[in-house]
Amino acid sequence: MTELVCGKMLQRLKILHRLKILQSLLLERCLPALPVMPASDRMPFSKANAVPIMKIPKRIQSLVDEGLIDAVLRQLMSGKEATVYVVRCGEEVRCAKVYKEANQRSFHQNAAYQEGRKVKNSRQARAMEKGTRYGRQVQEEAWQNAEVDALFRLAAAGVKVPRPYICFDGVLLMDLVTDADGNAAPRLNDVELDQTLALRFHAQMLDQVILMLGAGIIHGDLSEYNILVDEEGLVIIDLPQAVDAAGNTNAGPMLERDVDNLTAFFATFAPRLAGAQYGKEIWALYQAGQLQPGVVLTGRVAVDHRTPNVGAVMHEMRLAREEHAEQARLRYEEDH
Ligand SMILES: Nc1ncnc2c1ncn2[C@@H]1O[C@H](COP(=O)(O)OP(=O)(O)OP(=O)(O)O)[C@@H](O)[C@H]1O
Ligand SMILES: [Mg+2]
């Protein structure tokens with residue numbers, strides 16, 4: 001009897017597993033029309049070198065078993081949150097980002113980034129709040145899927161990001177961004193810039209940030225270390241901490257920090273950028289519903305001399321506190 005039940009459960013798990021792969025293949029089919037990196041940029045990575053030169057890491061084995069990856073060519077980088085490998089999938093050379101376990105990761109799982117992210121149902125939301133074992137599992141899956149979700153949304157919005165394929169068993173499979181010679185592209189901080197190029201790249205990045213906001217996403221960790229330089233320009237990477245622009249109360253300061261980081265970096269080559277307030281300006285336009293691609297930015301924001309209405313702010317805060325207490329009471333009643 002137990003054997004029969006276990007057999008049936010195993011069968012259901014297998015079906016679910018296959019459905020997940022089918023779903024990602026379907027998404028992949030829908031993507032070719034998207035304005036991500038052209039195929040010519042993706043191919044040249046030394047097809048001749050594309051021979052397996054390393055043992056399959058344990059965390060990648062399940063993707064090999066599923067036929068998503070054929071061989072692992074080499075380790076590219078080991079960062080704070082993940083280890084990145086160059087892999088071969090059929091004829092293509094791609095990139096596999098293996099997320100580290102929760103206890104080895106750094107600050108990005110911080111609640112400030114998660115706020116506003118949607119979970120499937122209220123049971124999952126409650127479990128996450130309570131920090132139960134199931135809740136931690138849901139949270140881990142949500143964290144692992146956040147980057148692939150953001151990549152799909154951004155690619156669809158025309159932002160230059162590596163084309164994503166799937167996130168499976170904690171491994172994100174995406175295109176390898178390459179330079180003109182077909183090698184893994186350098187990070188922006190490793191590239192020599194002059195004033196003209198710095199100004200051009202800065203303007204390009206502001207356009208990208210605006211497109212991202214249009215898709216409802218703030219990067220949350222945007223800097224010269226999370227931007228690659230391919231033949232055509234800049235490609236944004238590393239988005240597991242992506243912030244929901246509309247649902248996160250920290251969205252404004254995070255957007256400002258992202259943009260200020262970029263401006264400060266480019267200002268070292270183009271001093272006229274120093275002190276510009278593009279982040280504040282973009283956020284103010286976004287909040288006013290006036291942000292659109294191609295908008296002319298000045299980098300200056302008018303100072304608001306109006307006296308704040310302290311009474312109204314206190315009233316809003318009291319309402320928010322009462323609403324929070326009411327939600328907590330309803331949850332308690334549901335649980336007991
Ligand atoms: N799609 C890609 N194509 C080429 N190189 C990539 C790609 N994705 C990541 N890399 C390389 O791997 C490095 C680490 O990737 P990523 O920034 O996504 O992970 P991380 O763990 O957050 O790293 P870090 O702590 O350095 O920020 C990048 O700096 C880049 O050099
Ligand atoms: Mg990074």
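General remarks:
- Pairs from Lys80/Lys160; Lys58/Lys100; Lys100/Lys130; Lys55/Lys80 whose Cα-Cα separation, in the structure shown, is over 18 Å: Lys80/Lys160; Lys100/Lys130; Lys55/Lys80
- Nonlocal amide H pairs with Ala82, under 5 Å, H built at 1.01 Å: Lys100
- Arranged from fewest to most other beta-carbon atoms within 10 Å of their beta carbon, Leu255, Leu285 become Leu285, Leu255.
- With neighbours defined as other Cβ atoms within 10 Å of a residue's Cβ, the residues His202, His219, His315 order from fewest to most as His315, His202, His219.
- Footprinting exposure proxy ranking of Tyr134, Tyr278, Tyr286, fewest other C-beta atoms within 10 angstrom first, gives Tyr134, Tyr286, Tyr278.
- Dimensionless Rg ratio for region 130-280, taking C-alpha atoms and the 2.2 N^0.38 Å reference: 1.10
Computed from the coordinates by the stated procedures, all read-outs in this text should not be read as laboratory data. Being a predicted model, the structure only gives us computed values, none of them experimental. Note that each Cβ is placed from the backbone with ideal geometry, even for glycine, and that neighbours are counted across all protein chains shown.
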